[in-house]
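My questions will all concern the structure given below.
The values are calculated or read from the model by the stated rules, or taken from the named source; none is laboratory data. Just so it is clear, the structure is predicted and the values come from calculations on it, not from any experiment. Heads up, the Cβs are rebuilt from the backbone with ideal geometry, glycines too, and the neighbour counts pull from every protein chain shown. When the accessible area is computed, the model is the full protein with side chains, heavy atoms only, and any ligands, DNA or RNA have been set aside. Shrake-Rupley method; radii C 1.70, N 1.55, O 1.52, S 1.80 Å.
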Amino acid sequence: MATEVESGGLETHPPVDPPPPSSPKDVAAVRAYVQSSPLFPQLGLDDASSTDAAAESWADLAETLCSFLRLDPEDLAPAAAARVYRHYVPAYLWCVGRLERHRRREETSQKSDERGSPARPLVVGLTAPQGCGKTTLVAALAFLFARRGVSAASASIDDVYLTGAEQEAVAAANPGNALLRYRGNAGTHDVGLALDTLRALRGINAAATRGVAVPRYDKTARGGRGDRAPRETWPEVTAPLDIVLFEGWMLGFEPAADAEAAAAHPDLPAVNAGLRDGKYGAMHALVDDWIVVRVEDTRWVQTWRLEAEQQARRAGRPTLTDAEVADFVRRFAPAYDLYAGALYARGPWRGEEGAARDASRDAGSVFVVEVDAARRVVGGRR
């Protein structure tokens, strides 16, 4: 919108976002508010696609999300309304679109004697800084899929950290390296376990495949230092499976030149070597599409992580102290500083195998969500 000013020129004002719907029943307001999301252009929906029926489905999605998040859809605070309508609903719609595209491609590529058999699951990677809500987003997406008859499984890079004893061994083998003293950075994951799990989930719809146990990690064990949960407690996923949501704070990070890592932080070369040589590329190659949550300032992570620990503490769970949280996050900061810029500029690293397939990928395979310090959506793919 432009207005005349005294100099005779024009003063440009950014468009004003519509107000949040007062109720999901106000379908016109729902349509306007969802369409105002910075994420909406990535959905590839034109005006003809934004019918009354589509808007009614968005309203239903919002109401379902509110039930999952334990929010009153008739009385949403502005921040909660933005989270539901302008973040989670578009993210779900993008996933649905990618799943439909994946199924069409799988059907086309199947041999004639395989037609009609379930397509392999779509694997969507979600990379986002710690504390910005990626775990809740994954849970919300899985809930929406389940309510609509779509089978989803979730997994996390955090769930394949080395066992407590193995991590102690890594720390002992790298004396003085603060970045490998505790779990978190590349080199502290059982990437072989991640590969085995993702490959099993991708192949679960094959006729001879049985259930797949998905690893879980107990971050409250060992006084908040964490340990792998007992195998008998891992959830088992069974066929048919439609989509796998794989999340992690450092997913998509691409190894840098050794000299660049050394210049960034004296302890980073060992982490960089682990990222380059530790089969992380093979793990990334198993991901089909990506959601990338972008932040302007990675220092927000400490505030977000502290909020999460304090919330867990109020719930009576074992947690780190505030000082321990600050120390813990400092061990991740060098990796953010070195790798996040490349992730945002070039997209997630897909490993050598994944890069070889990139020619067949479309631009829509990466869904970008930019959030501010309050975790509100402020932008999408640039």
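ARG120 - would you say it is open to solvent by 30 Å² or more (accessible area, probe 1.4 Å) and either under 24 Å from TYR344 (Cα atoms) or part of a loop (DSSP other than H, G, I, E, B) (or both)? Steps first, answer last, please.
Working: open to solvent by 30 Å² or more (accessible area, probe 1.4 Å): yes; either under 24 Å from TYR344 (Cα atoms) or part of a loop (DSSP other than H, G, I, E, B) (or both): yes.
Taking the combined requirement at face value, the residue satisfies it.
Could you list, in sequence order, all residues of the range 70-99 that are in a helix (DSSP H, G or I) and open to solvent by 30 Å² or more (accessible area, probe 1.4 Å)?
Selection gives PRO78, ALA79, ARG83, LEU93, VAL96, GLY97.
Filter the range 299-338 for residues that are assigned to a loop (DSSP other than H, G, I, E, B) and under 19 Å from the mean Cα position of the chain (by Cα) and give the result. Before the answer, list the steps.
From the range 299-338, those assigned to a loop (DSSP other than H, G, I, E, B) are 299, 315-321, 331-332; that's our starting set.
Selection gives ARG299, PHE332.
Can I ask one more? Hey, among GLY281, GLY380, GLY341, which residue is open to solvent by 20 Å² or more (accessible area, probe 1.4 Å) and either more than 22 Å from LEU245 (Cβ to Cβ) or at pLDDT 90 or above (or both)?
On the way: GLY281 fails: open to solvent by 20 Å² or more (accessible area, probe 1.4 Å); GLY380 fails: open to solvent by 20 Å² or more (accessible area, probe 1.4 Å).
Step by step, each of GLY281, GLY380, GLY341 is checked, and only GLY341 is open to solvent by 20 Å² or more (accessible area, probe 1.4 Å) and either more than 22 Å from LEU245 (Cβ to Cβ) or at pLDDT 90 or above (or both).
Taking the range 123-153 as the region of interest, how many residues are crowded, with 23+ Cβ neighbours inside 10 Å, polar (S, T, N, Q) and either over 21 Å from ASP372 (Cβ atoms) or free of Cβ contacts under 8 Å to residues at least 24 places away in the same chain (or both)?
0
Mind checking which residues of the range 248-267 are over 19 Å from TYR161 (Cβ atoms) and outside any loop (DSSP other than H, G, I, E, B)? Spell out the reasoning first.
So in the range 248-267, the residues over 19 Å from TYR161 (Cβ atoms) come out as 254-266.
ASP258, ALA259, GLU260, ALA261, ALA262, ALA263, ALA264 - these are the residues of the range 248-267 that are over 19 Å from TYR161 (Cβ atoms) and outside any loop (DSSP other than H, G, I, E, B).
Restricting the range 45-69 to residues that are of a type in the set (D, E, K, R) and assigned to a helix (DSSP H, G or I), which is farthest from PRO118 (Cα to Cα)? Break it down into steps so the answer makes sense when it comes.
To start, the set of residues in the range 45-69 that are of a type in the set (D, E, K, R) comprises 46-47, 52, 56, 60, 63.
Filter once more, so that each one left must be assigned to a helix (DSSP H, G or I): 52, 56, 60, 63.
Values: ASP52: 32, GLU56: 30, ASP60: 28, GLU63: 30 Å.
The selected residue is ASP52.
Which pairs turn up if I take residues in the range 216-243 that are farther than 30 Å from ASP289 by Cα and in contact (Cβ under 8 Å) with a residue 12 or more places away in the chain and look for partners that are among the hydroxyl-bearing types (Ser, Thr, Tyr) and part of a loop (DSSP other than H, G, I, E, B) with beta carbon separation below 7 Å, at least 6 apart in sequence or on another chain?
GLY224/THR319; ARG225/TYR182
Which count do you get for residues in the range 191-205 that are buried (at least 18 other Cβ atoms within 10 Å of the Cβ) and within 17 Å of ARG231 (Cβ to Cβ)?
Adding up the residues that qualify gives 3.
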